[in-house]
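Novice: Below is the structure I would like to discuss, written out as structure tokens.
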Amino acid sequence: MVESKYRWRNRELREHVDVLDGKRSLTLLLKNATYLNGVFKQWMQGNIWIYNDRIVYVGEKLPEKIDESCEVVDCTNYFLVPGYIEPHVHPFQLYNPVSFAQYAAKSGTTVLINDNLQMFLFTDKKKAFSLLGDLKSLPSTIYWWGRLDSQTEIIDEELIFSNALVKSWLEHESVVQAGELTGWPKLLEGDDLKLHWIQETKRMNKKVEGHFPGASEKTLAKLKLLGADSDHESINGKEVMRRLMQGYMVGLRHSSIRPDLPQIIKDIKKENLPNYDHLMLTTDGSTPSFYEKGVMDYLIKICIEHGIPPIDAYLMTTYNPAKYYNLEHLHGLIATGRVADINFLKAEDNPTPVSVLAKGKWVKRKNEVNDDYYQLNLNDYGFNPIKLNWELTEKDLQFSMPVGISLESSVITKPYSITTDIYRNELDESNDECFFMYIQRSGELRMNIAVKGFAKNLGGLATTFTNTGDILLIGKNKKDMLKAFKRLKELGGGIVISNDNNIIYELPLSLSGHSSTLDFETLIEKDKEFKKIISELGYPYNDPIYTLLFFTSTHLPYIRLTPIGLFDVMQKKVLFPSIMR
């Protein structure tokens, strides 16, 4: 099929006008609707005409022409709101872009704005752009970010994030923003290539999203001057107000790592914020089991339960993000000309819809989910099981480094001096120190240290679910570590736990070692199983999946394992380089 550069072709636009002129039947009529008008911030009554995937009229009138192809729905007992928008999605967090989109749509989240980091790391531009085009076949609408850096320290980053490739992403019609800016310290230090990319983004009238945890007022002001438009890293009301004062659009986050929304709402109510027009909501790429309660509908519910007026809560997930991203002509409103994404609610204060329309198609109808899944084989786009054409032996598991990583929370790490005797094959269960090994996916480089605070009686864990796509081994027992790695290799990527020489958990991640092909509901159960097992083995925090992912990420303090070595994030230097195997 020839790809159109327009949302609707000229012929389709003429057909839309023909519906209003009575020359053509609409395909769906929603009669007697009580719907949210985001511009007036009011519930209104009217009739909604839909032709295929577009709302062609909203008002008091009924169409002149209806034939047998038109479905008529009496909406007397419903409240209708626009499809919800999730503006900050990490679509490869064990799940994949297709499985997450299908799951999110069931609870009314029909527009997603996705991170493209794994596109840079695991596939090429041709296949990535082909996927972006083919994802348009889904009922959900998917937009993308354009990353400017890898969020870690990788070898040859300037080749992976080349000027030509970054700019081709920023220019793509499906990309609505640059970011998130995890590499902002380098920007402030004088990285003019990043600044050039930001300038190009602004020239194209697209947005730039920050990632500024703990940033001071002065830092926020500097980054605003350099082009940042929004940030989602506030963890309390004062940080929200600080960003609003500097002119930012602010994402209020409630995620598996940072479930902060109730406290943030309490804080901003104390600050007497006069309106919520510059706020939106995000789940920030949470792990699968977090979404068992819903996606954006869950966050709207939290807002309403904590005193946000329902209309404002709905606007934070519809009109506010649509307007911010210059997409209000397509999304965020139930109004003439918009994409037909509509959620049907039984009560004004119950945001979980009983029926969902996405692009004019029923995703869910009276709580019955449409099982017509849209299948895309992501292997066709470069996401394949990883092939490790090398072996790991006991000789590789030699530990002598004097410095290790202390895990202070799910995602914060600090350096510590190793005092335990690690010249052994097994560590005592009386403390919380484990062997910790990083291995480059190619098998060329490694780094052997210890980690404190991860687990007390873990035999061996092996995973490819890391920010760099490389391999981590963690455990008390070298034989269990090797056994977990062997099984990981057979699976082509994933998460594997061995205890007492038995594999007690495995999650295949056959899409580049980072994502699963399982349906989302099954993945929720696998995530819950992993968290239960790892907690029983002594993991003390709430999000072990993100712990594994961020061990190799340099956008959070203080010390990380990277391909170039043990890296001090704050000092921006390698403490100990990786060594050749």
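The values are calculated or read from the model by the stated rules, or taken from the named source; none is laboratory data. Just so it is clear, the model here is predicted, and its values are computed rather than measured. Remember, those area values only see protein heavy atoms, side chains included, never the ligands or the DNA or RNA. Shrake-Rupley method; radii C 1.70, N 1.55, O 1.52, S 1.80 Å.
Novice: Where does the chain land at 222 nm, in deg cm²/dmol rounded to the nearest 500, when only DSSP H runs of n ≥ 4 count, each adding -39500 (n - 2.57), divided by all residues?
Specialist: Calculated mean residue ellipticity at 222 nm is -7500 deg cm²/dmol.
Novice: With θ taken as phi - 60° and the coefficients 6.51, -1.76 and 1.60, list the Karplus ³J(HN,Hα) couplings across the range 247-257 in order, rounded to whole Hz; mark glycine and proline as x.
Specialist: Residue by residue, the range 247-257 yields x, 7, 7, 10, x, 8, 9, 9, 9, 5, 7 Hz.
Novice: Where does helix 261-270 land angle-wise versus the long Cα axis of the chain, in degrees 0 to 90, nearest 10?
Specialist: Between the helix axis and the principal axis of the chain, the angle is about 60 degrees.
Novice: By how many nm would the segment from Glu292 to Asp519 grow when fully extended, if each residue of separation counts as 0.36 nm and the alpha-carbon distance is taken off?
Specialist: Between Glu292 and Asp519, full extension yields 80.4 nm more.
Novice: With all protein chains present and a 1.4 Å probe, how do His254, His278 order by accessible area, largest first?
Specialist: Sorted by accessible area, descending: His278, His254.
Novice: Can you tell me the accessible area per residue over the chain, all protein chains present, probe 1.4 angstrom, in square angstrom? Present the calculation step by step, with values, prior to reporting the outcome.
Specialist: Values: 22970 Å² over 581 residues.
Heavy-atom SASA per residue in the chain reads 40 Å².
Novice: Helix 97-106 versus the longest principal axis of the chain: what is the Cα-based angle in degrees, 0 to 90, to the nearest 10?
Specialist: With rounding to tens, the tilt is 50 degrees.
Novice: Viscosity 0.890 mPa s, temperature 25 °C: what is the translational diffusion coefficient of the range 1-141 from Stokes-Einstein with a Kirkwood Rh over Cα pairs, rounded to a whole number of µm²/s?
Specialist: This corresponds to a translational diffusion coefficient of 139 µm²/s.
Novice: If you bin the C-alpha pair distances of the chain every 20 Å from 0, what whole percents do you get?
Specialist: That works out to 20, 52, 24, 4, 0, in percent per bin.
Novice: Now a separate question. Taking just the C-alpha trace of the range 451-581, give me its Rg and Dmax in Å.
Specialist: Calculated on Cα positions, Rg and Dmax stand at 14.7, 42 Å.
Novice: Going by alpha carbons, how many degrees (0 to 90, nearest 10) lie between the helix axis of 192-203 and the longest principal axis of the chain?
Specialist: Tilt relative to the chain: about 10 degrees.
Novice: Now, a different point. Among the aspartates and glutamates, select those whose C-alpha is under 15 Å from the C-alpha of Lys528, and discard any that sit fewer than 8 residues away in the same chain.
Specialist: Within the straight-line limit of under 15 Å, Lys528 reaches these aspartates and glutamates: Glu292, Glu506, Asp519, Glu536, Asp543.
Novice: Once amide H atoms are placed 1.01 Å from N in the peptide plane, what residues at a sequence separation of 5 or more from Thr554, or on another chain, have their amide H within under 5 Å of its amide H?
Specialist: Amide H neighbours of Thr554, under 5 Å, 5+ apart: Thr152, Glu153.
Novice: Still on this structure, please answer the following. How many percent of DSSP beta bridges within the chain run antiparallel, rounded to 5?
Specialist: Antiparallel bridges: around 70 percent, rounded to the nearest 5.
Novice: Here's something else I'd like to know. Mind pulling the per residue volume of the convex hull built on the Cα atoms of the range 286-426? Å³ is fine.
Specialist: On the way: hull volume 35.7 nm³, N = 141.
Considering the Cα atoms of the range 286-426, their hull volume per residue is 253 Å³.
Novice: When the Karplus curve 6.51 cos²θ - 1.76 cosθ + 1.60 is applied with θ = phi - 60°, which whole-Hz ³J(HN,Hα) does each residue of the range 295-306 get, with x for Gly and Pro?
Specialist: Once rounded to whole Hz, the list reads 10, 6, 4, 5, 6, 4, 4, 4, 4, 5, 5, 9.
Novice: May I pose another question? Would you mind checking the pairs Lys206/Lys414; Lys126/Lys526; Lys194/Lys301; Lys387/Lys479; Lys364/Lys532; Lys476/Lys526 and listing those with alpha carbons more than 28 angstrom apart?
Specialist: Over 28 Å Cα-Cα: Lys206/Lys414; Lys126/Lys526; Lys194/Lys301; Lys364/Lys532.
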